[in-house]
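The values are calculated or read from the model by the stated rules, or taken from the named source; none is laboratory data. If you're wondering where the values come from, they're calculated on a predicted model, not measured in any experiment. Don't worry about glycine lacking a Cβ; one is built from the backbone with ideal geometry, like all the others, and counts go over all protein chains shown.
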Amino acid sequence: MDGGERSGDDSSTITRRTALGGTAGLAAAVLIDAGAAVSAAPAPPPGATLLIKPIVNGRVTPVTIDPRTSLLDLLRELLGLTGAKKGCDHGQCGACTVHIDGRRVASCLTLAAKTDGRAVTTIEGLADGDGLHPMQQAFIDHDALQCGYCTPGQIMAAVACIREGKATSRASIREAMSGNICRCGAYVGIVDAIADVAGKGRRV
Amino acid sequence: MRPFTYVRPDSAQAAIEAFAAAGPGARYIAGGTSLYDLMKLDIERPEHLIDVTAIRGLDGIETDGDRLRFEALAPMSAVAINRVVLRDYPVLAESLAKAASQQLRNMATVGGNLLQRTRCLYFRNGAGGVSAGMTYPCNKREPGSGCAAIGGLDRGQAVLGQSRSCTAVSPGDWPVALVALDAYVEILGRQGTRSLPVADLYRLPGGTPHLEFALTPGEIITAIVVPKAAAGRQSTYHKIRDRESYAFALASAAVALDMAGDTVRQARIALGGVATRPWRAVAAEAQLAGKQLTRETAIIAGRAALTGAKAGDHNGFKIELAARTVADALMIAAQRKPA
Ligand SMILES: Cc1cc2nc3c(=O)[nH]c(=O)nc-3n(C[C@H](O)[C@H](O)[C@H](O)COP(=O)(O)OP(=O)(O)OC[C@H]3O[C@@H](n4cnc5c(N)ncnc54)[C@H](O)[C@@H]3O)c2cc1C
Ligand code: FES
Ligand code: FES
């Protein structure tokens with residue numbers, strides 16, 4: 001996908017490096033300009049950009065996007081949040097899993113435009129400052145990873161799995177986690193970690 | 001990906017007007033899990049996207065009265081855990097819960113699911129995208145170009161309803177369950193509303209496999225309606241996949257039984273994973289009516305469901321697999337408590 005880094009106003013073109021280098025808030029602020037509002041009429045001109053205001057990890061984050069941008073590319077390329085990973089870019093692997101309004105989704109198949117006004121939570125927003133989230137700690141304790149590429153997606157899915165009330169047995173956990181593929185085959189540890197957190201009955 | 005314009009109207013009427021105003025190249029998008037995926041592969045090339053997910057009051061689930069009514073924007077995951085659906089229509093709940101992953105079911109709508117496009121490898125691969133070294137012919141993608149699946153790697157292709165132009169499988173699970181329960185869709189267009197049996201939403205490929213759905217451009221599916229039936233309690237969606245979960249069906253069967261003791265008053269049977277559209281197995285239903293349900297009568301019915309099936313080079317196994325899937329589904333449904 002190209003064009004995702006450009007704003008609609010040629011004078012405020014921003015390079016990928018600027019976006020990645022700055023903090024998310026800074027990068028986004030540069031981009032606030034004449035983006036077309038997301039509404040029915042009148043029809044926007046072809047190629048028009050959109051101004052959206054997702055609430056990313058608790059912060060309202062205005063950003064101007066090319067309509068083609070996926071939520072995953074918005075997070076990684078525009079906001080510098082590289083926790084969510086691109087495995088397949090087609091909804092098949094789960095590496096890009098984030099939460100929208102508390103529900104897990106594949107960010108690669110989510111148009112970023114859809115997140116206007118909605119709460120997006122990524123792995124970066126899970127920890128409480130320097131304190132790890134219990135699921136992050138459990139993944140470490142149970143050796144639930146090898147290369148770690150699938151891990152942010154696994155952890156976001158794992159937290160949702162418990163919140164959905166599906167961590168009731170190993171079989172149920174496996175079924176609920178089937179959308180997250182681990183090339184390294186750390187599945188046994190992953191199920192252990194989830195069962196551990198669920199078993200302790202902690203709120204996640 | 002090609003550029004497109006994007007609007008998100010908040011009423012169905014406004015969406016229809018936006019579609020008409022946008023002209024050719026306009027498409028609705030709901031969850032996007034089928035359409036956006038195919039746009040990335042340069043197979044779908046809309047110029048104008050009209051996002052229907054901000055339409056207000058189009059995601060309800062109604063279970064009162066003599067029907068179930070699922071509005072088009074209800075997420076698959078919400079319908080799958082509805083209490084009435086789980087208790088009285090396991091076939092519906094299971095067809096959703098066994099489809100895709102929880103991430104995708106949270107995004108995908110029950111309306112969009114009906115209109116997802118095939119997973120045929122030759123349709124999906126070879127559109128000339130960056131990863132494809134060459135372009136495979138596909139009559140669905142490029143009318144008149146030919147079909148590379150016929151005589152090719154056809155392990156996943158259909159054994160029922162295929163034509164000389166196309167053997168692509170209709171991929172959805174939910175539509176198979178809906179067809180078994182005689183569901184229909186409510187449709188809104190510029191001319192007003194109409195309804196259509198889900199079974200009639202799907203066209204056989206014939207010589208025009210690119211024409212898949214009996215919808216006029218600009219029409220919106222607003223709801224899916226399932227007439228209530230006592231048979232819903234003794235029902236199941238049985239799905240056989242290459243792996244235990246998170247895969248499309250190699251063969252699947254939606255079954256709902258109206259029984260008097262061991263005797264079948266009426267069976268409803270539909271097949272998935274093996275046909276070019278959700279496939280109601282009328283011959284198998286007739287075969288079972290008035291009979292005792294046993295392992296033997298179940299497999300006879302299963303074989304009847306595959307009447308007329310024709311295999312290609314590598315998918316012959318699907319005929320026996322589907323027959324046994326139907327038989328197993330019948331036995332599973334019969335063990336469930338009647339209403
Ligand atoms: C990795 C993966 C695995 C999957 N596995 C399965 C599986 O096992 N079983 C299964 O059944 N499915 C599976 N799916 C498919 C998924 O269920 C569908 O893509 C999804 O249901 C489509 O719904 P959507 O809302 O995302 O539709 P969209 O992609 O938004 O739309 C699909 C089509 O419907 C049209 N449309 C949408 N809503 C309306 C409406 N209300 N009125 C008129 N037109 C409309 C759009 O224009 C588009 O043409 C899988 C998908 C992926 C990516
Ligand atoms: S990158 Fe989104 S599911 Fe693989
Ligand atoms: S830890 Fe390597 S892919 Fe899962």
task: Those residues that are hydrophobic (A, V, I, L, M, F, W, C), facing chain A (nearest Cβ under 7 Å) and not in a loop (DSSP other than H, G, I, E, B), I need them from the range B:1-17; list them, please.
output: B:Val7, B:Ala14
- request: Evaluate the following for B:Arg268: is it within 19 Å of the chain's Cα centre (by Cα) and assigned to a strand (DSSP E or B)?
  value: yes
message: Just the residues that are touching a Ser or Thr at 6+ places or on another chain (Cβ under 8 Å), free of Cβ contacts under 8 Å to residues at least 60 places away in the same chain and either among the aliphatic types (A, V, I, L, M) or within 16 Å of ligand 1 (Cβ to nearest atom) (or both), please, taken from the range A:136-155.
response: A:Ala144, A:Leu145
- request: Please enumerate the residues belonging to the range A:179-195 that are outside any loop (DSSP other than H, G, I, E, B), in contact (Cβ under 8 Å) with a residue 40 or more places away in the chain and within 22 Å of the chain's Cα centre (by Cα).
  value: A:Ile190, A:Ala193, A:Ile194
task: Sort through B:Ala26, B:Ala30, B:Ala21 and tell me the only one that's facing another protein chain (nearest Cβ under 8 Å), under 19 Å from B:Glu219 (Cα atoms) and aliphatic (A, V, I, L, M).
output: B:Ala21
- prompt: Does the range B:226-245 hold any residues that are of a type outside the set (Gly, Ala, Ser) and surrounded by fewer than 21 Cβ atoms within 10 Å (Cβ to Cβ), and which are they?
  reply: B:Pro227, B:Lys228, B:Arg233, B:Ile240, B:Arg241, B:Asp242, B:Arg243, B:Glu244
- request: Give the residue, chosen from B:Ala158, B:Ala183, B:Ala214, that is among the small types (Gly, Ala, Ser), touching a helix residue (DSSP H, G or I) at 6+ places or on another chain (Cβ under 9 Å) and surrounded by fewer than 16 Cβ atoms within 10 Å (Cβ to Cβ).
  value: B:Ala214
field: Selection status of A:Gly94, of a type in the set (Gly, Ala, Ser), at positive phi and within 16 Å of ligand 3 (Cβ to nearest atom)
entry: yes
- prompt: Considering B:Thr63, B:Thr109, which residue is buried (at least 21 other Cβ atoms within 10 Å of the Cβ) and not basic (Lys, Arg)?
  reply: B:Thr109
task: Restricting attention to the range B:18-45, report how many residues are touching a Pro at 6+ places or on another chain (Cβ under 8 Å), part of a helix (DSSP H, G or I) and over 17 Å from A:His90 (Cβ atoms).
output: 2
message: Looking only at the range B:237-253, filter to residues that are within 14 Å of another protein chain (Cβ to nearest Cβ) and not in a strand (DSSP E or B); which one of those is nearest to ligand 2 (Cβ to nearest atom)?
response: B:Tyr246
query: When the range B:38-50 is examined, which residues are found to be facing chain A (nearest Cβ under 10 Å) and in contact with a helix residue (DSSP H, G or I) (Cβ under 6 Å, 6 or more places away or on another chain)?
result: B:His48, B:Ile50
- prompt: Could you say whether any residue in the range A:151-167 is near ligand 3 (Cβ under 9 Å from one of its atoms) and away from every other protein chain (no Cβ under 13 Å)?
  reply: yes
- request: Return a yes/no flag: does the range B:188-202 have any residue that is in a strand (DSSP E or B), farther than 30 Å from B:Ala334 by Cα and basic (Lys, Arg).
  value: yes
- request: For the range A:128-148, state whether one or more residues are under 27 Å from A:Leu78 (Cα atoms), within 16 Å of ligand 2 (Cβ to nearest atom) and not assigned by TED's automatic domain parsing to the domain that holds A:Pro54.
  value: yes
- prompt: Is it true that A:Ala176 is free of Cβ contacts under 8 Å to residues at least 60 places away in the same chain and within 16 Å of ligand 1 (Cβ to nearest atom)?
  reply: yes
